[in-house]
């Protein structure tokens, strides 16, 4: 007990000495180089130290007492107290046109309202189908200002947006193309997705070719076996497909509606792309076109680039050009126009740093395209025979649409790739 009391006494003495040293003999804090918070001091360099920078918050005369106080998450309302949505106007041009998009603060298209925009020195244009998109054609090249007219229940931009109308198509990706891409729940799928109606030139019954061809000798020379798939193939077990001997898959990323003309994303695209890559299957993509001019071809290619993002492909990006059962918006194109559309798509893809190619049947190449006017794209031929009779160069051959591969329910297209072989 004596020892313990001695230790406590020593510790108390140490604390007392240090406290007096820190506070000073008069009990006030010594000047340690830091100014008191309530005593600002002007330093030698003219700066003020120790000032209370929050003092204005306690100043009753600093703020406007009559100004209305805002609450957190406050939204603007109209005279009836209804919430007002803020809108943003987007405008771009591909060739002698202005494409306008009206979006909300989340970047989503605002539909269901008959918006009107005014183009400087040109006039007013109405969104008659109320889809939030206004396409204005036959505009002279030059600089224009586009304004969104007042609309009840919406806060429109106070200032117009500037847009430069181009005189000719530049085969470059359209930056805002993502705003023009639709999902399948926005279209009449039965009328718009008519891809499977187009193969019209197969003279032989392709059901006799239902398996991956036995080409082990050729495979030593870089020949590869593959499939092409879309939403029509539904859920795919890619690990089983890989085990079956499939080397590559060409995956549909989207299509242009055969009736509406809208750009539509294949609902299985990302799932198929991720599944194939994860299983170690090399991938390429294709897009079913219904473009009727160069502008629409650039739009389609831009959509592909936008959907792919940073994804690197092993195989080309193909434009699928075929009929749509006779009722497609592009079915009546003459060979010259259709060839120009195909070239525009491929040039845009190539300018984006990817390899481009064309998919068509033998009959389509011979009668609906000008083969001598095609650029040096990769050629993907669809011809359902023991051996193709097509007399031109081709890099891939789709030899059946009635194939069977474990891991895929129902029929699937089967292909051979000769890419990399002279």
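With a Förster radius of 41 Å applied to the beta-carbon distance between residue 135 and residue 404, the computed FRET efficiency rounds to 0.40. What is the distance, in nm, between label points placed 7 Å from the Cα along the Cα-to-Cβ direction at residue 210 and at residue 240? Using points 7 Å along Cα→Cβ, the separation is 1.6 nm. Highest average first, the peptides 113-120, 372-379 ordered by how many other beta carbon atoms sit within 10 Å of their residues are 113-120, 372-379.
Put simply, the Cα atoms of region 346-422 extend 37, 29, 25 Å along their principal axes, the longest span coming first.
Protection proxy ranking for 339-352, 170-183, 240-253, using the average of other Cβ atoms within 10 Å per residue and placing the highest first: 339-352, 240-253, 170-183. Each Cα pair under 8 Å and six or more residues apart adds its sequence gap; the mean of these over the residue count of region 177-417 is a relative contact order of 26 percent.
Nearest 0.05, what FRET efficiency do residue 312 and residue 104 give at R0 = 30 Å with Cβ-Cβ as r?
Working: r = 34 Å, r/R0 = 1.12.
The calculated FRET efficiency here is 0.35.
Here region 85-165 is treated as an ellipsoid with the same Cα gyration tensor; its semi-axes, largest first and in whole Å, are 20, 12, 11. Label separation (residue 176 vs residue 371): 4.3 nm, computed from points 7 Å beyond Cα along the C-beta direction.
Let me know the shape class of region 177-417, please: from the alpha-carbon gyration tensor, a ≥ b ≥ c as square roots of the eigenvalues, rounded when a/c is under 1.5, otherwise prolate if a/b is greater than b/c, or oblate.
rounded
Here the peptides 286-295, 148-157 are ranked by packing, the mean other Cβ count within 10 Å, and the order with the highest first is 286-295, 148-157.
The numbers here are math on the coordinates, done by the rules we state, and not lab data. Since we're looking at a predicted model, the values are computed, not measured. Methodologically, a virtual Cβ is constructed for each residue, glycine included, from the backbone with ideal geometry; neighbour enumeration extends over all protein chains shown.
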